[in-house]
Structure formats: structure tokens, C-alpha cells
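What follows is a single structure, written as C-alpha cells, with notes after it.
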Amino acid sequence: MTHSDPVNFLQGKRILLGVTGSIAAYKAVSLLRALKARGAFVSVVMTAHATEFVTPLTFEVLSGERVVTDLFQMHEEMKHLSASENADAMVIAPATANFVAKAALGLADDLLSTMLLAAQCPIIVAPAMDGGMWEHPTVVEHVNRLRARGVVVLDPEEGPLASGRVAQGRLVCEEKILEAVQSALRLRSDWQGEHVLVSAGPTQEAIDPVRFISNRSSGKMGYAVAEAARDRGARVVLVTGPTALARPCGVEVVSVTSAQEMAEAMCRHLEWATVVIMAAAVADFCPKDPASQKLKKSGRSSLVLELEPAPDILTILSARKTKQILVGFAAETEHLLEHAHRKLTDKGLDAIVANDVTQHGGGFGSDQNAAVILTRDGRRREVPLMPKRRLADEILTEIKSLRAGGRTSTAMAREEDNGRAR
């Protein structure tokens, strides 16, 4: 993308441009003009330190809107919430190391950081900092935390810095910021019209009123898929087992405990759904006769539990589905591709996301994951270790490609039946 690009991909979009106290603040003036040239309405919010580098009047003249700088000098009621809630995208450029830290930690001690917490739109952060700050472990941790939440954080460029050093810290070029905005807005709407049913977390199978059998699933992957689908325009129902995660906004959440309850909830919503993604780690077995009272240790030298198979939710959904795309997950400790391909075939899935839960830095409880995505039509894609929120978008993009190709398991089964009939 160049400045001469005639496509006004931002036509009519409302962009909130946040400017923080970096020497690179002057570059935000050019970015504002580029956003306006592409048809956007731009509101500028400056931190107090940013006004030491560029005056608010400069941005007011170019944007045609009053620049906001102070949380306590607002004339419009609740502007600190409404501006970010109504924006189509929020761009922080440049973002200092201090602002990145506040964003990662959820601090809201000025207008811009407060708006960030209220934002319901894609967020693009373009850091700029001096010296070796970008590589400092704390900055790396904060950036990873933001990316794990779905915030687009652009890597700064290497080059001469204000201190005279040559290092990575220069504000990324304007073209890359515009590309990131375009990509975020495109993702924002490419799942409009889809009804996505997602399962997440573990199930708990009762031994008695106090004890249960479960697994190590945190639910983070399924929640990330639900949030990604929501952010890309889909209506989402999330059926979740017990987790410590906060309920995602804008998603209908159905809480369950056991595999049987999850099966019933998924079946209730199946007809509504166009895409079903089973990210939950459902128990394979459950106690056959749970005790009605707490089992006592006294007088026992051992305890034998008789287990029976828990409902196979993927098999149940596969037998009942009509038009839906059905996607499963395979969390394995060995023979990853072999087990995943067998599950894909045996359960009649359209796609399966396979991951090795023993991998370093990924798996249960981690904020990151790596996966191999296999599809019914024979495609295979390996996705390297990345934040689960980014992986969720990669999974949705693969499902979208499957939909575009028209090669769902239902369609392929119909073709096979027609072939046998001939």
C-alpha cells in the first residue's frame, strides 16, 4: 500500500488516533493526513506528554475535530467512554514503553488509557522507544500480554534513534500502520452472518458431591476462538465448562459442568449454528454411579471407581448436523498427526486442530499454542507457536477458506452417496 493508493478502504470509518509522548509524535501528523485521505473520520486523543512535542492545534486543524487531552476537562458527557466505544478502530501511534506497560496492566490514569479499556473495536499499537528498551524483558512481557488479548502490536523498525544509537525502536513506517488498520477492519466483518457455536474448558465428572474427575484444560483456547469470531462479526454462543476466565463481552455464555450437560447444550444450539467449533477438553470417561454423599476415607484400604464412557459430543453432533461446518480439536501427547487424522475421519469432521500438549511454551494453561490444522479435503497447515488469540484468527481464516471452497463434510458425503448411486 502506498500514499497514492486510490482505494478509500477507510471511507466513512471512525478512527480514534492516540498520540503519546514520544519524539516520534510528529509522525502522527502525517498518519492523520493519510487516514483522512482514505476517507476516515479521525478523532485525536493526546497524552499530556505528547502535547510537549506537537501542539493539539496541529491535529485539530487537520482532523477538523477538537483534540481531547484531559479526562477532567471534558465537556461532552462520558466522552472518554463513547468515543472509543463508537470507533471502528483505535490506533496508538506512537506508543511509548510507559503506555505499553499501562495498556498491558489495565491501568487507566489518563484519558487515553481509560479509552483503551472501554474500546470495543480492533486496537493497533505502534510502539516507539529509545535505546534497548524494546528488547527489555519487561517490555517483551507487556507486548506478549497485549498480543495474547488480540491487540495488534507492530514491531518498531531498526535505525537511528533520538539518542544517537542505532537499534530497534523507530516508529514503524506509515504504510505498515495503514495496512494493519485495513487488515483489522477487514477481519472485523468477514464473519458477519455466521452463527458460531464454541465449546471451551474442561468438564467435571462427579465422584461424590465433593470430588470429581477432570483435566488440565484452562479454557483459554476456546475463549480465544469465541472472542475472535465475535470480533470478526459473527454471533457467538460459548458453551463453557468450569474455568477461572472472565466471560467475554458480546458473547452468549452457557455454563455447564459435566460432559452430559455440555452435550445437551451443544445439541440445543446446533440447529441455530452455521459453524461448530469443539475446543473443549471433554472427559472420555465418568464415574458410573456417583455417590450421593461424601465418600469417607475411614475404614477403607482402597477405593475402586467404575467408569463408563462419557457422551462423545463430536460423534453426536456429526450425526445430527445438516449445513454446519464441524471443527474438532485433538490434544495429544504422541503420534499427533496420526491420531488427529483418525479423529477427523472417524467423527466426520470438516477440520481438526491438533496440538501437542507436551510442547514447551504451549498446551494447557499457557497463553500460547502451536497447532496443525487438517481439513477434510486433504489440506494441512502448520501454525507455529503464537498467542492463542492469534491462533484463533488463523483457525477462523482456515474455516473461512473451507467454506469458500464448498468442501464441507456434508457436501462431500453427499457427493460420495451420489457416486455410489451412479
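The values are calculated or read from the model by the stated rules, or taken from the named source; none is laboratory data. Because the structure is predicted, anything quoted here is derived from the model rather than measured. Cβ placement follows ideal geometry from the backbone for every residue including glycine, while neighbour counts extend to all protein chains displayed.
Worth a mention:
Yes/no per residue for (1) outside the structural domain of A291 (by TED's automatic domain parsing); (2) surrounded by fewer than 20 Cβ atoms within 10 Å (Cβ to Cβ); (3) in contact (Cβ under 8 Å) with a residue 12 or more places away in the chain; (4) among the β-branched types (V, I, T):
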{"site": "G164", "(1), (2), (3), (4)": "yes, yes, no, no"}
{"site": "L171", "(1), (2), (3), (4)": "yes, no, yes, no"}
{"site": "T203", "(1), (2), (3), (4)": "no, no, yes, yes"}
{"site": "A226", "(1), (2), (3), (4)": "no, no, yes, no"}
{"site": "R235", "(1), (2), (3), (4)": "no, yes, yes, no"}
{"site": "P242", "(1), (2), (3), (4)": "no, yes, yes, no"}
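- Selected residue (only one of V151, V125, V140 is modelled with pLDDT under 95, surrounded by 19 or more Cβ atoms within 10 Å (Cβ to Cβ) and not hydroxyl-bearing (S, T, Y)): V151
- In the set (1) farther than 16 Å from A229 by Cα; (2) buried (at least 23 other Cβ atoms within 10 Å of the Cβ), W191 fails one condition alone, (1).
- All positions within region 269-309 that are of a type in the set (A, V, I, L, M, F, W, C) and either outside the structural domain of R216 (by TED's automatic domain parsing) or under 23 Å from D356 (Cβ atoms) (or both): I277, M278, A279, A280, A281, V282, A283, F285
- When region 357-374 is filtered for residues that are at pLDDT below 85 and either over 14 Å from K220 (Cβ atoms) or not assigned by TED's automatic domain parsing to the domain that holds R216 (or both), the ones remaining, listed by number, are T358, Q359, H360.
- The condition (being of a type in the set (S, T, N, Q) and touching a residue at least 60 places away in the same chain (Cβ under 8 Å)) is satisfied by just one residue among S189, S214, S183: S214.
- Restricting region 316-355 to residues that are touching a Gly at 6+ places or on another chain (Cβ under 8 Å) and among the polar types (S, T, N, Q), the residue that is surrounded by the fewest Cβ atoms within 10 Å (Cβ to Cβ): S318
- Unmet criterion (only one of (1) over 27 Å from E306 (Cα atoms); (2) surrounded by fewer than 15 Cβ atoms within 10 Å (Cβ to Cβ)) for G222: (2)
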